[in-house]
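What follows is a short report on a single structure.
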Amino acid sequence: MLNARQGGLSIRELVRRSRAAAALEAQTSGEARKRDLLKAAQDGSKLICDWLETEGWQVAFGVPIINEARRHLAMAEEDGKLPISRTQPDTPVAKIIERLRPDATIHEDIGSVGWYAAWLARWAYFVMPYANIRHKALNIVLDKQISG
C-alpha cells in the first residue's frame, strides 16, 4: 500500500500482484498436497504388497484379492457401513493387521481369496483412514500385480 501511495505502483497493480501471489501459493500448496497424497499411497501400497508376500500369495492371486477388497470397501462406503471408530494413532500396523484378521463370523471360508480380501479391506480401512489414499494405494498395488 505504501508503494501505491508514493506513486510507485497502482492499487490495480498491487491487487494483481496479490492475486498472482495467492494463486501461486495455492498452486504450490496443492502440488505439495498431491505429493503428500502420492507418498502416503505409495507407503500404503508397500504395506499391502508386503502383506500379500508375507501371506504367501502369488501375483496371480493378488489381483482377485485386491479387486475383491476394493469391492468390499466400495459397497461399505456406498451403504454407509464403514465403522466410525478408529485405532489409536500409535498402534503398530502389524498389530492392527493381526487384530483385524477375520474369523468365521466375518467370512466363513477361512483362507480363501474372499477371506483375504475381507481382511485386507478391514485393515486397509483402519491403517489408511483417508479414502483417497486407500484407493490410490490399492490401485498402485493392482497395477503392480497386473504388470508382474
> What FRET efficiency do you get for residue 36 and residue 71 if R0 is 30 Å and r is their Cβ-Cβ distance, rounded to the nearest 0.05?
Replying inline: 0.65
>> Which order do the peptides 130-138, 35-43, 88-96 come out in when sorted by mean C-beta neighbours inside 10 angstrom, highest first?
In response: 130-138, 35-43, 88-96
>> I want to check a number: in segment 35-147, how many lysine pairs have alpha carbons closer than 18 Å, given a sequence separation of 8 or more or different chains?
In response: 6
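How long are the semi-axes of the equivalent ellipsoid of segment 35-147, defined as square roots of 5 times the Cα gyration tensor eigenvalues? Whole Å, largest first.
That gives 18, 18, 14 Å for the three semi-axes.
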> How do 120-126, 140-146, 76-82 rank on mean C-beta neighbours within 10 Å, highest first?
Replying inline: 120-126, 140-146, 76-82
> If you plug each phi of segment 60-67 into the Karplus form 6.51 cos²θ - 1.76 cosθ + 1.60 with θ = phi - 60°, what whole-Hz ³J(HN,Hα) values come out, in order, with x for Gly and Pro?
Replying inline: 4, 9, x, 4, x, 5, 4, 4
>> Net charge around residue 96, counting only other residues with Cβ within less than 12 Å of its Cβ (Lys, Arg = +1; Asp, Glu = -1)?
In response: +3
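Just so you know, all these numbers are worked out from the coordinates, no wet-lab data involved. Source: prediction; values computed, not measured. Positions of Cβ are backbone-derived with ideal geometry, glycine not excepted, and every protein chain shown enters the neighbour counts.
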